[in-house]
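Input: a single structure, listed below in structure tokens.
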Amino acid sequence: MVRSKKLNLVILLAATIVAVAIYYTSTKVAKPVAPQSPQRIIVTSPQLTEIAYAMGLEPRIAAVTSDSDYPPQAAKTKPTVGKFWQLNMEAIIAARPDLIIMEKFDQQTSIGRRLEALGYPVLTVHLTDIRQLFEAIDTVGQAAGVPDKAKTLIDSIKSKLITLSGRFQTEPKRTVLWVMQTEPIRVAGLETFPNELIELAGGYNAIGKTIQKYPPIGAEQIVSSAPDVIIQPAMSQTSVEAERAGALRFWSQFPNIPAVKKNRVYVIPADTVHRLGPRLPQGLELVGRCIHPELYDANMPDPNSTGNLNADPNDANN
């Protein structure tokens, strides 16, 4: 008798779980769908802004983030919806979007879920490596109704990368320390976008395999890594010269590592080397000029004239 009651209770509980599951499945709110050719698109990061503009979507861009500074007209003419890591939900709603394109990281996906709950179509893309860049361009192109323009952009970027990388790969390999910050010292490890640039530019990372993608390192590791080249993207586009002077003072503590000894410490603008976007080939060429300055003869524009490098590449003999 007791066993029979327990069995009935188990059956009742199972039936209840099934009924609840069926109820929630049948009443689940459908995900908002964008029109086939959205006319009021919001892009929520600088690299997404560059991608959208490169596909000719400027007339349909309703708003960008306040840190979207390229192309210049985006920053000057479009309403803004906060910074890419701190979006303003009210500003997004006020822009009346019919498609919101976001990146997949915590700060944006949480807001994306809330916007979807309010009925706004949200497209989320990954943008952490070069493969994902091409996937994101294709996805955005499909969603915006311009798949042919997306394909053209992808083919153009790939072609330029192949040409540039082919040139760099014929040169001697050099070890590169990619510095994200100096206080404390934090560098780019192997499983990062900067490392992809290093390898495409014919170098290899001075830091071996690490647990963290961007690990902190100490003075002993810097010395033991013995980098031939140090690349340190500036924290701000407007402070390259000041950061260059600070970097030279900082690295003077390590006079015996090859990069310092041979004046191969480069502080460069960060936008083309830290953004995954249409200007990726420009970023690769900048990195290549740091690693293989001997490829650029006296007929090339002096990188110092555009604030790219802190030394004339023709002065480097290794």
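Readers should treat all values here as calculations from the given coordinates under stated rules, not as data from a laboratory. What you see is a predicted model; the values in this text were computed from it and never measured. Positions of Cβ are generated from backbone atoms using ideal geometry, with glycine treated the same way; all protein chains shown enter the neighbour counts.
Computed about the Cα centre, the dipole magnitude for the stretch 159-248 is approximately 220 debye when only Lys and Arg (+1) and Asp and Glu (-1) carry charge, each at its Cβ.
Under 5 Å from the amide H of Gln181 lie the amide H atoms of Arg186, each residue being 5 or more positions distant or on a separate chain, with H modelled from the backbone and absent for Pro and chain starts. Each of Thr163, Thr139 has some number of other Cβ atoms within 10 Å of its Cβ, and from fewest to most they run Thr163, Thr139.
With 23 Å as the limit on Cα-Cα distance, the pairs of Lys83/Lys104; Lys149/Lys213; Lys104/Lys213 that go past it are Lys149/Lys213. Sorting Asp228, Asp129, Asp106 from the fewest to the most surrounding beta carbons within 10 angstrom yields Asp106, Asp129, Asp228.
For Leu190, the residues 5 or more places off, or on other chains, whose built amide H falls under 5 Å of its own are Thr210. Exposure proxy for Tyr296, Tyr266: other Cβ atoms within 10 Å of each Cβ, ordered fewest to most, give Tyr296, Tyr266. For the stretch 69-176, the dipole from Cβ point charges (+1 on Lys and Arg, -1 on Asp and Glu) about the Cα centre works out to 340 debye, to the nearest 20. Amide H contacts under 5 Å for Ile268: Gln232, Ala234, restricted to partners 5 or more places along the chain or on a different chain, H placed in the peptide plane at 1.01 Å from N.
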